[in-house]
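Step one of this worksheet: look at the structure below.
The values are calculated or read from the model by the stated rules, or taken from the named source; none is laboratory data. Fair warning: this is a prediction, and the values are worked out from it, not measured in the lab. Backbone-built Cβ (ideal geometry, glycine too); neighbour counts: all protein chains shown. The accessibility values were calculated without ligands, DNA or RNA, using every heavy atom of the protein model including side chains. Shrake-Rupley method; radii C 1.70, N 1.55, O 1.52, S 1.80 Å.
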Amino acid sequence: MPLNDERPNSTSSGEDQGSDVESSSERCDSMTLNSDLECSRDSFTSDSSSKHCTPSSSPPKTLTLDEVMESARDLFNLSLSHEIVMNRNFHLEPNSLPQDSLLKVVRDNLHKAFWDILEAELNDDPPEYGQAIRLVEEIREILLSFLNPGANRMRTQIMEVLDMDLIRQQADNDAVDIQGLASYIITTMGKMCAPVRDEEIKKLRDSTDNIVTLFKEIFRVLSLMRADMVNCTIENLRPVLQRQSVEYERAKFQSILDKTPSALDRTTSWIKSALEDLQSAIVPTEQTNGHGKEQPLVPGPFQVLNAAFIRILTWDYSKSPPPETWMTDEIRLQEIQWQLQQCQAVNEVLLIVYSTIGGPIQGLPSLSDRLKRMISVLLDGMHKPDFNIEESLEGVSAQICCELNKSLTERNYPALTPALQATLTGQICNITQKDNPIRTLVEDRVQQYFMALICDPKPQSKLEQIPAGLTAIKPELAIIGAKFISLVNYNKTVYGPFYADILRKLMFSNSPPVASPPQNTAQDSVTNN
């Protein structure tokens with residue numbers, strides 16, 4: 001009778017994830033950022049990079065099933081180790097299927113058939129013990145799997161009491177003490193389980209159910225114990241993985257790339273798009289070669305990479321998956337994007353309110369806080385597909401007008417006229433339009449803020465330096481910025497050699513001159529942290 005499958009479960013809050021990402025990033029910065037990115041920088045203009053600095057490539061080939069399966073295992077291990085390092089609350093728990101799912105119905109029917117057969121065999125006269133013996137043998141293997149390598153005494157005792165050859169001989173002579181075996185199994189489980197399972201073991205000891213129901217409960221508790229053991233192993237491995245995470249993740253990704261040369265296609269396209277956008281934005285200058293011909297300018301490699309990181313903030317996950325080098329952080333990136341979208345919407349609404357109403361509501365922090373909380377609550381979940389943003393903004397407008405009228409009348413100001421309320425509502429509802437000037441202004445300044453963080457060698461000192469017009473969301477923006485910059489730094493540390501190889505191929509194949517805007521100085525200094 002198989003135990004329930006286990007699945008990864010993440011229950012961390014945004015702050016916990018942010019702190020874990022930040023601490024992981026700081027460790028990586030101190031260990032490998034300098035050497036990796038300096039090495040990557042050398043590889044921008046060199047074709048003779050070592051394997052450590054430049055990912056290997058190979059011509060297209062047909063993959064065998066074994067190679068596909070091995071790549072899938074590497075990807076699973078990469079994702080699992082990354083999640084353990086980045087999320088301190090990551091743990092496994094027994095899988096619970098939805099009540100109305102077909103898989104649950106099939107599983108429950110199979111389990112019911114198994115237990116019905118066991119009950120029927122034990123109720124025969126004389127009893128048939130074939131199914132029961134297989135059950136006890138599986139339980140024995142599970143108990144043995146819980147033991148540490150040095151637990152020889154307990155291992156010997158389990159092998160002696162649950163001696164399958166002896167039990168089969170007893171079954172042939174109708175002398176098997178199934179109840180006694182169950183009692184020994186429960187006692188052994190009590191010695192092995194975590195303290196949190198003591199109550200479950202007590203219930204098993206005090207159970208008056210028939211033997212089949214008792215074994216059902218034994219398997220249920222064994223499933224919980226197995227999850228506990230795995231989670232304990234995860235906690236013990238976490239410090240080791242944190243010390244070796246960069247090298248491990250890079251090696252696993254290199255292994256995937258060796259077997260699947262197309263594993264960087266989306267990453268290459270992502271960086272290439274950033275490069276093309278920057279090239280189209282560069283103003284041509286008078287720069288000639290030896291023959292008097294103008295040479296096109298291209299942005300610097302770090303400028304391209306930083307622009308690519310900014311594009312991740314606005315990635316459309318409904319159209320395409322993220323670049324391969326970001327796949328292990330996809331959920332975290334989406335959460336950052338959702339939080340950022342909500343913060344931007346709140347800021348846009350507040351800017352409209354204060355620019356429309358003006359002086360009568362200026363200098364009232366308590367009113368600003370009330371409006372901010374109210375807007376945040378009404379726009380919560382705005383990233384969900386079934387969220388009606390237009391309807392919600394109309395509700396926001398109505399609540400804002402009500403709150404403003406209350407505040408104005410309390411301070412002997414006239415209430416908002418119907419015409420002014422209609423104007424305010426129209427402007428607020430119009431922020432759903434992509435070309436809305438307030439929306440464009442806020443989005444541009446948010447991107448400027450994140451670009452400043454990415455370009456600065458010590459971004460922590462820049463978190464509180466919010467651009468003008470974003471003061472209302474300063475605390476939230478600083479938290480989101482800390483999370484994002486930590487993810488970026490960690491990603492850059494792990495995948496820097498791969499990015500270096502892609503940039504070298506995209507930018508230096510024809511050796512055009514490199515543009516040197518003032519921003520490059522700050523970007524290049526990232527390697528000197």
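Give me the percent relative contact order of the stretch 123-278, please, defined on Cα pairs under 8 angstrom at least 6 residues apart. Once divided by the residue count of the stretch 123-278, the mean separation gives 18 percent.
With the cut-off at 1.5 for a/c, could you classify the stretch 136-205 from its C-alpha gyration tensor as rounded, prolate or oblate? Here the stretch 136-205 falls in the oblate category.
Evaluated with a Cβ-only charge set (Lys, Arg +1; Asp, Glu -1), the stretch 395-492 carries a dipole of roughly 220 debye about its Cα centre, given to the nearest 20.
Normalised size of the stretch 132-273, defined as Cα radius of gyration per 2.2 N^0.38 Å with N residues, equals 1.57. Taking packing as the residue-averaged number of other Cβ atoms within 10 angstrom, the listed peptides 242-253, 459-470 run from highest to lowest as 242-253, 459-470.
Under the convention that each Lys and Arg Cβ holds +1 and each Asp and Glu Cβ holds -1, the size of the dipole of the stretch 353-446 around its Cα centre is about 300 debye.
Max-minus-min Cα coordinates of the stretch 200-289 on each principal axis give 92, 27, 26 Å, with the largest extent listed first.
Measuring with a 1.4 Å probe in the full set of protein chains, what accessible area per residue, in whole Å², belongs to the stretch 312-378?
Working: 2770 Å² over 67 residues.
With all protein chains present, the stretch 312-378 gives 41 Å² per residue.
Does the stretch 299-383 classify as rounded, prolate or oblate by the C-alpha gyration tensor (a ≥ b ≥ c root eigenvalues; a/c under 1.5 gives rounded; else a/b over b/c gives prolate, otherwise oblate)? Prolate is the answer for the stretch 299-383, as a/c is 1.5 or above and a/b outweighs b/c.
Measuring how big the stretch 64-128 is from its alpha-carbon positions, Rg and Dmax come out at 20.3, 58 Å. Converting the Cα gyration tensor eigenvalues of the stretch 398-463 into ellipsoid dimensions via √(5λ) gives semi-axes, longest first, of 36, 18, 7 Å. Given the pairs 319/492; 104/216; 372/474; 458/492; 462/492, which span a C-alpha to C-alpha distance of over 21 angstrom in this model? As for pairs spanning more than 21 Å Cα to Cα, those are 319/492. Using a probe of 1.4 angstrom and keeping all protein chains present, the accessible surface of the stretch 68-195 works out to 57 square angstrom per residue. Here's the picture: charge each Lys and Arg Cβ at +1 and each Asp and Glu Cβ at -1 in the stretch 355-485, and of 465, 367, 422 the one pushed furthest to the positive end of that dipole is 465. Semi-axis lengths, largest first, of the ellipsoid equivalent to the stretch 361-511 are 41, 18, 14 Å, with √(5λ) applied to each eigenvalue of the Cα gyration tensor.
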